[in-house]
Amino acid sequence: MRRAPFRVAAFCAITGALTMAHGAVRGGDAQRGEALYDSRCTACHSLDHSRIGPAHRGVFGRRAGRVAGFDYSPALRRSHVVWNAKSLDRWLTNPELFIPGQKMGYSVPDAQDRTDIVAFLGSPDAR
Amino acid sequence: MIKSSRSVTVSRRDALFAGGVALSGAAVALLAGRPALAAQHAGSQSAQKDASVINTALALEYEGINAYTLGAQSNLLEKPVLAIAVKFQDDHKVHRDRLLAVLKTLGATPVREKSLAEYAEELEVNKLKNQADVLNFAAGLERGAVNAYLGIIPSFADHALAKLAGQLASDETVHFAILNQALGRPLPAAMSFGV
């Protein structure tokens, strides 16, 4: 029992490390992110089907430009970006600045909005 | 959808991308009914990016046109509703033609329109079981288009171009509002689009 606090702390550290390794988002509101995703992203994207943009399910940990069957720009196919919280945030901030020559012309200027959308994409509902 | 007719610079384009979908000089000028200005910008460094973004918009319009075809072919729509769907589809065809004209001016290759079967699979139309499903499906697509077009308006320094983007968004908003009404839903709250 005396070691319980240590175990809890260790568990949190380990799970936290694993979570960040997969790029999940700390501080993001996935529920709000889902609403934002539904409002702003679904004109072109869905979780399970590539449409104007590629499908998003399982995006965390996936290398950019690798959804089978989607017609990516050469710039995205050539990139070595792996999608995680940081890279998705940079992408949503300014896709063209992050990967010049890519095709997406939409951005999410507000940092909290980006964080929440990324939290949704990293949530079990989108994995 | 669009951008200003002032000088086109890399920094300005970066600024546009900070605000949403970005188009640059040639596309904007053409859509604003300024073909001479469009020709002036065509071939510029930003023209390729313009073409890319316009092609994305074109893909969106192709999807909308085919979505209404799928809805119409579902045999789930009553006759008056079907007539409205056909009218909305015609609006999307007008948008398509404007975007194709821009791409032609830019010398760019238009994105391919997919087959109806591809759109059916991507949009999961097999899940539509009644008229309300179809209306809800269409309303979702229209709302997405509204937000996509609204997202680019802050990018404009030229108010005439911002107005043009607003006109495109307005078409989609009309569609959404009527579909929403047909679904018997409350009127949208103030400031509910573009957020």
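The values are calculated or read from the model by the stated rules, or taken from the named source; none is laboratory data. Being a predicted model, the structure only gives us computed values, none of them experimental. When we count neighbours, we look across all protein chains shown, and the Cβ atoms used for this are built from the backbone with ideal geometry, even at glycine.
I'd like to know if segment A:64-75 contains one or more residues that are modelled with pLDDT of 95 or more, at positive phi and surrounded by 14 or more Cβ atoms within 10 Å (Cβ to Cβ).
Yes, there is a match, as at least one residue in segment A:64-75 is modelled with pLDDT of 95 or more, at positive phi and surrounded by 14 or more Cβ atoms within 10 Å (Cβ to Cβ).
Can you say whether A:Asp125 is within 12 Å of chain B (Cβ to nearest Cβ) and under 14 Å from A:Glu34 (Cα atoms), as far as the supplied structure shows? Full working, then the answer.
Details: within 12 Å of chain B (Cβ to nearest Cβ): no; under 14 Å from A:Glu34 (Cα atoms): yes.
In short, no.
In segment A:70-85, what residues are over 22 Å from A:Gly105 (Cβ atoms) and out of contact with any helix residue (DSSP H, G or I) (no Cβ under 9 Å at 6 or more places or on another chain)?
Residues of segment A:70-85 over 22 Å from A:Gly105 (Cβ atoms): A:80, A:82, A:84-85.
A:His80, A:Val82, listed by residue number.
Considering only residues that are assigned to a helix (DSSP H, G or I), at pLDDT below 95 and either surrounded by fewer than 18 Cβ atoms within 10 Å (Cβ to Cβ) or touching a His at 6+ places or on another chain (Cβ under 7 Å) (or both), which ones fall in segment A:78-112?
Matches in segment A:78-112: A:Thr93, A:Leu97.
Would you tally the residues in segment A:16-59 being in contact with a Phe, Trp or Tyr (Cβ under 6 Å, 6 or more places away or on another chain), surrounded by fewer than 20 Cβ atoms within 10 Å (Cβ to Cβ), at pLDDT 95 or above and not polar (S, T, N, Q)?
So the count comes out to 1.
Only residues that are of a type in the set (A, V, I, L, M) and buried (at least 20 other Cβ atoms within 10 Å of the Cβ): list them for segment B:86-102, please.
Kept after step one, since they are of a type in the set (A, V, I, L, M), are these residues of segment B:86-102: B:86, B:94, B:99-102.
Matches in segment B:86-102: B:Leu99, B:Val102.
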